[in-house]
Amino acid sequence: MRTQVRGGGRRNNPLRRRSDVVEAWTALVVTVLLFVVAPVAGAAAGLWAHDQARTIAATQRADRHRVPAQVIGNPPSQLTSVEGTRAQTFPVEVRWTDPGKGPRTATAEVPLGTVRGAMVDVWIDAKGHGVAPPAGEVAVWQHTLTIGVWTAGGVVAVALLASAVTRRVALRHRLAEWERDWALTEPEWTQRGT
């Protein structure tokens, strides 16, 4: 009696349809995808992104160097529109002395409020072009977390979309099975009533 109640009765239940079995397995697969696969995929993608970002940051640190330069262009003195509290920089012509090559000029980003003739530190690449500073640890970790979260979110989105589609198809099959069974059963019920 207990065996029938625990497990045996479920498999032989005449009310259990194939669509019910598909829906139950889908729920199990979606649960595993949401609670196991999504976090593991996010962590794996994050680790991969972290390694890539650290490699790029190391390459940038090797290629770029900071030099003191004099602003020779005319930077804007104020913003035309406010864009939050983020520090604003603008491209301006700067000049510095490169040992062995003499004075050099390039366009570099300088902070808002810098005036012509001011000395600023700018980052220059091996070709002498003004570039952004090399990525620091904060930027590496931001990239890592962004890739990890988006990957996990993508797995979650795909799992939930697949679940919704499967449930909709299972519902259509279930309704079709009920219609078919009712077409067989309905004549018996209507004859009993007469």
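The values are calculated or read from the model by the stated rules, or taken from the named source; none is laboratory data. Given the structure is predicted, the values throughout are model-derived calculations rather than measurements. Counting neighbours? That spans all protein chains shown, and the Cβs are built from the backbone with ideal geometry, glycine included. In case anyone asks, the SASA skips ligands and DNA or RNA and just uses the protein heavy atoms, side chains included. Shrake-Rupley method; radii C 1.70, N 1.55, O 1.52, S 1.80 Å.
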If you take the residues in the stretch 169-194 that are among the β-branched types (Val, Ile, Thr) and part of a helix (DSSP H, G or I), which one is surrounded by the fewest Cβ atoms within 10 Å (Cβ to Cβ)? 190
Taking the stretch 108-120 on its own, how many of its residues are loosely packed, with under 13 Cβ neighbours inside 10 Å and touching a Pro at 6+ places or on another chain (Cβ under 6 Å)? 1
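Going by what's in this entry, would residue 166 be described as in a strand (DSSP E or B) and over 30 Å from residue 49 (Cα atoms)? Steps first, answer last, please.
Values: in a strand (DSSP E or B): no; over 30 Å from residue 49 (Cα atoms): yes.
Answer is no for this residue.
Among the candidates 66, 86, 16, which residue alone is among the charged types (D, E, K, R), at pLDDT 85 or above and surrounded by fewer than 16 Cβ atoms within 10 Å (Cβ to Cβ)? Quick ask: steps written out before the conclusion?
On the way: 86 fails: at pLDDT 85 or above; 16 fails: at pLDDT 85 or above.
Residue meeting the stated conditions: 66.
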Members of the stretch 121-139 that are small (Gly, Ala, Ser) and either within 27 Å of the chain's Cα centre (by Cα) or open to solvent by 70 Å² or more (accessible area, probe 1.4 Å) (or both): 126, 132, 135, 136, 139
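Would the stretch 140-151 turn up any residue that is open to solvent by less than 60 Å² (accessible area, probe 1.4 Å), hydrophobic (A, V, I, L, M, F, W, C) and either in contact (Cβ under 8 Å) with a residue 12 or more places away in the chain or not in a helix (DSSP H, G or I) (or both)?
Filtering the stretch 140-151 down to residues open to solvent by less than 60 Å² (accessible area, probe 1.4 Å) leaves 140, 144, 147-148, 151.
In the following step, the residues that additionally are hydrophobic (A, V, I, L, M, F, W, C) were identified as 140, 147.
From the residues that got through so far, the ones that are either in contact (Cβ under 8 Å) with a residue 12 or more places away in the chain or not in a helix (DSSP H, G or I) (or both) too are 140, 147.
Checked against the condition, which is being open to solvent by less than 60 Å² (accessible area, probe 1.4 Å), hydrophobic (A, V, I, L, M, F, W, C) and either in contact (Cβ under 8 Å) with a residue 12 or more places away in the chain or not in a helix (DSSP H, G or I) (or both), the stretch 140-151 yields at least one hit.
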